[in-house]
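For reference, the structure discussed in these notes is given below.
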Amino acid sequence: MVYPDGHGYFPDSVSTRASRHVKELEALVKDGKQCTVMFVVQREDLRGKVRPSAFHDPKFAEACRQAASVGVRFRALLVSCSLAGLTVEREVAVDLAEYDLRPIAGWVAENRDATGWIRSASQRRVANGPFPHEVAKPRRRSKDCFPMALKEQAEQEICFDLC
């Protein structure tokens, strides 16, 4: 998303998957590989740089900074979309430095009623996360399940729920 400061921010909600991917790239670099994170921006109104959104997902922003400190490269491309395909317009600088979150918090608060998206089925406006799919649900044991103990060679007991 692009805020009034002209910078593009990613992600616009908590993205545990994005954080995990950046950490995996960090591990690969530590193992001697070369890795690059590529942000693809499809917004014509981007006037500034691309930044990890420390407001929406501080863990992702920190994961990016940590990964960069060990050698993961960060690049961004601005692309335009048409029926003919995607066109790379230019490369955009990526800014991993910490920044003041107060202006972003203000913009989010001002636009809370108009941002997000409308769900097709419920016609309910969905705002930024955490979303229901990001919240772990406790697993319940069905009445039809029963624990079964298996013994390994080392005589350690391992239990499985068989359903």
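Split the accessible area of region 36-89 by element, probe 1.4 Å, and carbon with sulfur accounts for 52%.
Between GLN42 and LEU28, 0.36 nm times their residue separation minus their Cα-Cα distance comes to what?
Gain on stretching GLN42 to LEU28: 2.2 nm.
Listed peptides 81-90, 28-37, 15-24 appear in the order 15-24, 28-37, 81-90 once ranked by packing, highest mean of other Cβ atoms within 10 Å at the front. Per residue, region 21-74 exposes 57 Å² of accessible surface when a 1.4 Å probe is rolled over the protein heavy atoms with every protein chain present.
Given +1 at the Cβ of Lys and Arg, -1 at the Cβ of Asp and Glu and no other charges, the dipole of region 5-110 around its Cα centre is 360 debye to the nearest 20.
The values are calculated or read from the model by the stated rules, or taken from the named source; none is laboratory data. Only a predicted model underlies this, so the values are computations on that prediction, with no experimental measurement involved. FYI the Cβ positions are ideal-geometry reconstructions off the backbone, even for glycines, and counts take in every protein chain you see. These area figures cover heavy atoms from the full protein model, side chains too; ligands, DNA and RNA do not enter into them. Shrake-Rupley method; radii C 1.70, N 1.55, O 1.52, S 1.80 Å.
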